[in-house]
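To start, the structure under review is shown below, and the notes come after it.
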Amino acid sequence: MGKLRAAQYACSLVGHALQKHGASPELQKQIRQLEGHLSLGRKLLRLGNSADALESAKRAVHLSDVVLRFCITVSHLNRALYFACDNVLWAGKSGLAPRVDQEKWAQRSFRYYLFSLIMNLSRDAYEIRLLMEQESSACSRRLKGSGGGVPGGIETAGPGSPGTPGGGLPQLAVKLQLRVLLLARVLRGHPPLLLDVVRNACDLFIPLDKLGLWRCGPGIVGLCGLVSSILSILTLICPWLRLKP
């Protein structure tokens, strides 16, 4: 499944490049046809995914963390609806239900896909916040244990203290720099979370473009879809890179 998705978005990227460089119409047509066949094949292989997504939602309901329970459950429910719409689209494109309004069902499908990705990114942001708080507390304990001061000396008096004229902006810049460094440290220490953030962020461009909320163009959509597909394949090859639960 992941390989088919990667091939589909690779075709989209190649088609955009060929069009941009003035390739022959016949070659462009062949690439579009190949992309269409790959898309139809993916839809065929995803016929049972709605049931899997519903099962995943049922398991997520029992998570102890309220925020994770909400984000993951709602994400899986939207994925189930997305796959259901995808099944209707497959029936229409395969000729089983020729009267299906392809445009209407495609828009519904991408809306559910977008909601699912928003929930996934919300879950990622929540986990990042928790890990940053844990890392910050651990750093504070280590500094206190070694007799050090407050990290970065942000709260200490001096030229950059709040009471000093013009000291607010440098202090804010230092705080922001420390937060960025802390974020980088957390993501570097948790590869599954980093991969999940990048994959969801890449996938986000696809429904945004298809729904007309943010026109990215076929080149960006193809590139983001290809990167996301490669990361999905990587999590299949290395299961420890998959974010849990």
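If you roll a 1.4 angstrom probe over the protein chains with everything in place, what fraction of the accessible area of the chain belongs to carbon and sulfur, to the nearest %?
65
Show log10 I(q)/I(0) for segment 108-149 at q = 0.22, 0.31, 0.34, 0.35 Å⁻¹, two decimals, from a solvent-free Debye sum over equal Cα scatterers.
For segment 108-149, the Cα-only Debye profile gives -0.72, -0.92, -0.98, -1.01.
As I understand it, the value is the acute angle between the Cα axis of helix 2-20 and the longest principal axis of the Cα atoms of the chain; what does it come to in degrees, rounded to 10?
Tilt relative to the chain: about 80 degrees.
Cα axis of helix 66-94 to longest principal axis of the chain: angle in degrees, 0 to 90, nearest 10?
It works out to around 20 degrees.
Under 1.5 on a/c is rounded, so check that first for segment 67-141, then, if it is not, pick prolate when a/b is larger than b/c and oblate when it is not; a ≥ b ≥ c are the square roots of the alpha carbon gyration tensor eigenvalues. Don't jump to the answer; show the numbers that get you there.
Working: a/c = 5.52, a/b = 4.59, b/c = 1.20.
Prolate.
How high is the relative contact order of segment 45-148, in percent, with contacts defined as C-alpha pairs under 8 Å that are six or more residues apart?
Working: 93 pairs, mean separation 27.5, N = 104.
It comes to 26 percent, rounded to a whole number.
Which whole-number value in Å² is the accessible area per residue of the chain, probe 1.4 Å?
58
Gain in length, V174 to E26, computed as 0.36 nm per residue apart minus the alpha-carbon separation, to one decimal in nm?
Full-extension gain reported as 47.6 nm.
A 19 angstrom limit on the alpha carbon distance is what I want to check against. Which of K43/K104; K20/K93; K43/K244; K58/K210 exceed it? If you can, show how the numbers build up before the last one.
Working: K43/K104 17 Å; K20/K93 28 Å; K43/K244 26 Å; K58/K210 30 Å.
Too far apart for the 19 Å limit: K20/K93; K43/K244; K58/K210.
So which cysteines of the chain have no other cysteine's Cβ under 4.7 Å from theirs?
If one checks each Cβ against the other cysteines of the chain, C11, C71, C85, C139, C216, C238 turn up with nothing under 4.7 Å.
With the Cα gyration tensor of the chain in hand, give its eigenvalues times 5 under a square root as the equivalent ellipsoid semi-axes, listed largest first in whole angstrom.
44, 23, 16
Throw me the Rg/Rh for segment 1-129, computed over C-alpha atoms with Kirkwood Rh, two decimals.
For segment 1-129, the value is 1.07.
If I take all pairs of Cα atoms in segment 20-61, what percentage of them are more than 16 Å from each other?
Cα-Cα pairs of segment 20-61 separated by over 16 Å account for 59 percent.
What 222 nm value per residue comes from the helices of the chain, counting each DSSP H run with n ≥ 4 as -39,500 (n - 2.57) and dividing by all residues, nearest 500 deg cm²/dmol? Walk me through the numbers before you get to the answer.
Working: 8 runs with 187 residues, N = 245.
Value at 222 nm, helices only, nearest 500: -27000 deg cm²/dmol.
The values are calculated or read from the model by the stated rules, or taken from the named source; none is laboratory data. Everything numeric in this text was worked out from a predicted model, so none of it was measured. Note that we place each Cβ from the backbone using ideal geometry, even for glycine, and neighbour counts take in every protein chain shown. These accessible areas exclude ligands, DNA and RNA; they are computed on the full protein's heavy atoms, side chains included. Shrake-Rupley method; radii C 1.70, N 1.55, O 1.52, S 1.80 Å.
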